[in-house]
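Report on one structure; see the data block that follows.
Coordinate-derived values only; no laboratory data. This one's a predicted model, so the numbers in the text were calculated from it and none came from an experiment. Glycine gets a Cβ as well: all are built from the backbone with ideal geometry, and neighbour counts include every protein chain shown.
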Amino acid sequence: MVKTGKDRWTYELTRKAYGETLVELGHENPRIVVLDADLAESTLTKFFRDEFPDRFFEIGIAEQDMVGTAAGLALQGFIPFLSSYAIFITGRAWDQCRQDVDYMKTNVKLSAAHGGISVGKDGPTHQSMEDLACMSACTNMKVLVPADYHETIKAVRWSAEYEGPVYFRLGREKVPMVTEEPSPFEMGKGFVHVDGTDGTIIACGLMLSQAIEAREILEEEDGIKPRVVNMPFLKPIDEEMIIKCAKENGPIVTAEEHQVYGGFGSIIARVVVENHPVPMRIVGIPNMYLGSGDPFDLLAIAGLTGRHIANKMKEVL
């Protein structure tokens, strides 16, 4: 019997990794500044606020102002990290993200907490299902979704070193720690988490843990051993890895905690169609709003579980 994530992994907050790493960066680099929009207790930028009050800017409930202010600070040589919920950054402040950050290529780091439907009880008004499509459409933006606590630390540190606009998405709930401190991390690269020969599952963020469970279900029940790939970067996407998987393993299933329109699966499908067409299925949130409820219940309702991924892989094979 395949054990579920609750039985096998240690769980931790990605936003905790974010807050702790900001403090470390603050000690290492005086150019690091942090902005928040009345959510420091939730985004956990309060760690930085308490350590460096003179480099923390509480903008209030004014996300558009926060993005513009961050762009101004970047133009003065600072490295601003700004934080809010994904739905607010890409909803209320998308114009400023596009014009002041992406178009101007300002060195702003957009940290989007509470991404996806695992926001749970906050309900559909706070469940950001469209943010990755919005940001991936921006010309100069680098877009990534860390899988867990360890990968978030690497993502934040990489963002501080990279010169240019970055958008990364974090969650609300504790998620399985499926990577390790030594696990590889490189801009625009995907990594084989579990190797196999019977198709490929490519996942990002929280869905990597579900992809691992899917692989184990398939192997136990049907002797099917798909390759599982962790793909934290949506932009730039690792085209070389995708093409390699298509050529070596054939069918591909993608898994994301995002609307199926315009997200992770759509990006990968473009690469597959243009380079080496193989049968594909996209596991993502169907064209629907979810209700308010337990995060993992909502994932099941939306079809984002290891069992759903396994079924899609059997279908495509």
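Treat each spin label as a single point 7 Å out from the Cα along the C-beta direction, and report the H276 to D50 distance in nm.
Modelled inter-label distance: 5.0 nm.
Could you order the peptides 141-147, 274-280 from most to least packed, using the average number of other C-beta atoms within 10 Å per residue? Show your work: numbers first, answer last.
Values: 141-147: 26.6, 274-280: 13.9.
Top of the packing list down: 141-147, 274-280.
Quick check on packing: order 169-177, 218-226 by the mean number of other C-beta atoms within 10 Å, highest mean leading. Please list the in-between numbers first.
Details: 169-177: 23.3, 218-226: 17.0.
Those peptides, ordered most packed to least, come out 169-177, 218-226.
Going by how many other beta carbons lie within 10 Å of each one, how would you line up S118, S42, S136, S159, fewest first?
Numbers: S118 22, S42 16, S136 19, S159 25.
With the sparsest Cβ surroundings first, the list reads S42, S136, S118, S159.
Out of the range 214-283, which chymotrypsin sites (Phe, Trp or Tyr not before Pro) are coil in DSSP terms and have no more than 10 other C-beta atoms within 10 Å? Write out the running numbers ahead of the final one.
Numbers: sites: F233, Y261, F264; in loops: Y261.
Counting only loop positions with at most 10 other Cβ atoms within 10 Å, none of the chymotrypsin sites (Phe, Trp or Tyr not before Pro) in the range 214-283 qualifies.
Under a 5 Å amide H to amide H cut-off, with H placed in plane at 1.01 Å, what residues pair with Y167 once short-range neighbours are removed?
Close amide H contacts, sequence-distant or interchain: L110, K142, V143, L144.
Once you've got the GNM for the chain with C-alpha springs shorter than 10 Å, pick whichever of T14, T197, T45 has the biggest mean-square fluctuation.
Of the options given, T197 has the highest mean-square fluctuation.
Would you count, across the range 12-176, every pair of lysines whose alpha carbons are under 16 angstrom apart, provided the pair is eight or more residues apart or spans two chains?
On the way: K16/K46; K16/K154; K16/K174; K105/K142; K109/K142; K109/K154; K121/K174; K142/K154.
For the range 12-176, qualifying lysine pairs total 8.
What per residue convex hull volume, in Å³, do the alpha-carbon atoms of the range 12-176 yield? Walk me through the numbers before you get to the answer.
Values: hull volume 15.4 nm³, N = 165.
Each residue corresponds to 93 Å³ of Cα convex hull volume.
If you average the alpha carbon positions of the range 248-317 and of the range 122-188, how far apart do those two centres end up, in angstrom?
18
What shape does the range 84-241 have by the C-alpha gyration tensor, where a ≥ b ≥ c are the square roots of the eigenvalues, rounded means a/c under 1.5, and otherwise prolate means a/b greater than b/c and oblate the rest? Can you show the working numbers first?
Working: a/c = 2.12, a/b = 1.56, b/c = 1.36.
Judged from the Cα gyration tensor, the range 84-241 comes out prolate (a/c at least 1.5, a/b above b/c).
Which whole-number value in Å³ per residue fits the convex hull of the alpha carbons of the chain? The partial results should precede the final answer.
On the way: hull volume 36.7 nm³, N = 317.
Given the Cα convex hull of the chain, per-residue volume reads 116 Å³.
If the cut-off is a Cα-Cα distance under 17 Å, which lysines reach K312, setting aside same-chain residues fewer than 8 apart in sequence?
Straight-line reach from K312, under 17 Å: K225.
Would you mind telling me the antiparallel percentage of the DSSP bridges in the range 158-263, rounded to 5? Intermediate values should be presented prior to the final figure.
Details: 3 of 11 bridges.
The antiparallel fraction comes to roughly 25 percent.
Where both partners of a DSSP beta bridge lie in the chain, what percent of those bridges are antiparallel, to the nearest 5? If you can, show how the numbers build up before the last one.
Numbers: 8 of 42 bridges.
Expressed as a percentage, antiparallel bridges in the chain total about 20.
Residue separation times 0.36 nm, minus the C-alpha to C-alpha distance between D95 and E221: what's the value?
On the way: separation 126, 0.36 × 126 = 45.36 nm, distance 4.87 nm.
Stretched fully, the D95-E221 segment lengthens by 40.5 nm.
Would you work out which of T90, A147, A70 lies farthest towards the positive end of the dipole of the range 12-176? Charges go on Cβ: Lys and Arg +1, Asp and Glu -1.
A147
Cα centroids of the range 1-79 and the range 202-235: how far apart, whole angstrom?
That distance is 29 Å.
Arrange the following residues from fewest to most other Cβ atoms within 10 Å of their Cβ: V67, V271, V156. Write down the numbers at each step before the final one.
Numbers: V67 30, V271 18, V156 25.
Least crowded to most crowded, the residues run V271, V156, V67.
Under 1.5 on a/c is rounded, so check that first for the range 186-316, then, if it is not, pick prolate when a/b is larger than b/c and oblate when it is not; a ≥ b ≥ c are the square roots of the alpha carbon gyration tensor eigenvalues.
Cα axes put the range 186-316 in the oblate bin.
Can you say what percent of the DSSP beta bridges in the range 186-316, counting only those with both residues inside, are antiparallel? Round to 5. Intermediate results must be reported in sequence, preceding the final value.
Values: 3 of 16 bridges.
Counting only bridges with both partners in the range 186-316, antiparallel ones make up about 20 percent.
Cα axis of helix 149-161 to longest principal axis of the chain: angle in degrees, 0 to 90, nearest 10?
In the chain, helix 149-161 runs at an angle near 50 degrees to the longest axis.
To the nearest 20 debye, what charge dipole does the chain have about its Cα centre, counting +1 at the Cβ of each Lys and Arg and -1 at the Cβ of each Asp and Glu? Before the final figure, lay out each step's value.
Details: 32 positive and 46 negative charges, 87 e Å.
The dipole of the chain has a size of about 420 debye.
Might you report the magnitude of the Cβ-based charge dipole of the range 59-150 about its Cα centre, with Lys and Arg at +1 and Asp and Glu at -1, to the nearest 20 debye? Can you show the working numbers first?
Numbers: 6 positive and 9 negative charges, 32 e Å.
Magnitude of the dipole: close to 160 debye.
I need the phi-derived Karplus couplings for the range 104-112: 6.51 cos²θ - 1.76 cosθ + 1.60, θ = phi - 60°, integer Hz, Gly and Pro marked x.
7, 6, 6, 7, 10, 10, 9, 9, 9
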